[in-house]
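What follows is one structure encoded as structure tokens, with my remarks underneath.
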Amino acid sequence: MLKKAVLFIFIIFFAFGGIFSYQFAKFNDNKLHLVFCDVGQGDAIFIRTSTGANILIDGGPDDSVLNCLSKHMPFWDKKIQAIILTHPHADHFTGLISVVKRYNVMSYDTENVKNPGFGTKILQDNLAVKNLSAKYLQKGDRLTNQSNFSLLTLWPSADFIENSTGNSLPEAKNLDLNGFSVIELLSYGNFKALLTGDAGVMIEERIAKEAGRVNVLKVPHHGSKTGMSDYFLKEIAPSLAIISVGAKNLYGHPSRDALTLLKNNNIKFLRTDKDGEVEIVSDGKTWQLIN
């Protein structure tokens, strides 16, 4: 019996060691991983930097984002260095409630816009439990580390917020929150991705020249007809566009206009309702699609 017990313990230890070694090698390959999670009608983008930092932009409409995180983080890693909420609409923030409960979140960044709904109150209450207060992003803010990686905030600008709100904090009931959506330019060496939240075409055209040419575009507002223009796409000239969208959604996303724009500009696109989760990996010099 003792020999069997020792053998059983050895097998368990060996198996656990194998799993640990496999996950360590898989998640510590010194490359950037950019994952567009399949969360239905909503947005959730997970970033794991080459140094193993975890960043989550938006959380989708429910807790399905947890499945995405568990697939792309080692089982022992429960730390998320930064959460960025582009704007307080339910299809972007609801999943963050579960994330904040289950993970050790170091920083919470968002736009300085109020949405006094019940869902945002639950999120705020859970952030308070973890002693997290919001850092409000605006144009020019940059999140960076020593791995040649950065997230540069291109929108909203301080003057846009001031001119739109008359120096008072904007509220959802008075404004289109999509216009304040945080836009981030991800850079890792030669690789660039433009992450647009739900911003509309007027905002996209304002930041297009500053963004410059990118490799990957997160299509604004789930492919709505008001998210892009021919000018915008020609300025940024992405090789690949990702549409985060739910199957048979009530909004008709992605719109025919958006798909036609992408096709006319010879931009390959993937959509999470048909292609599922999309992962892009880069060493800072080249990048590849893992799908």
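Just so it is clear, none of the values below were taken in a lab; they were calculated from the coordinates. Fair warning: this is a prediction, and the values are worked out from it, not measured in the lab. Note: ideal-geometry Cβ built from the backbone for every residue, glycine included; neighbour counts use all protein chains shown.
Listing V35, V65 from fewest to most neighbouring C-beta atoms within 10 Å gives V35, V65.
Beta bridges per DSSP, both residues in the chain: antiparallel share near 60 percent.
Please state the shape class of segment 127-255: rounded when a/c is under 1.5, otherwise prolate if a/b exceeds b/c and oblate if not, all from the C-alpha gyration tensor. Rounded shape, in that the Cα axes give a/c under 1.5. Look at the dipole of segment 31-290 built from charges on Cβ: of Y231, P254, S107, the Cα furthest out on the positive end belongs to S107. Restricting attention to segment 138-289, close to 65% of DSSP beta bridges with both partner residues there are antiparallel.
Magnitude of the charge dipole for the chain, about its Cα centre and with charges confined to Cβ atoms of Lys, Arg (+1) and Asp, Glu (-1), is about 940 debye. Each other residue within a Cβ distance under 14 Å of G119 adds +1 if Lys or Arg and -1 if Asp or Glu, for a net charge of -3.
May I ask for the Rg/Rh ratio of the chain, computed from Cα atoms with Rh as the Kirkwood radius, given to two decimals? Radius of gyration relative to Kirkwood radius: 1.01. Helical content alone sets the calculated 222 nm signal of the chain at -10000 deg cm²/dmol, taking -39,500 (n - 2.57) per DSSP H segment of four or more residues and averaging over every residue. With contacts taken as Cα pairs under 8 Å at a separation of at least 6 residues, the chain carries a relative contact order of 16 percent.
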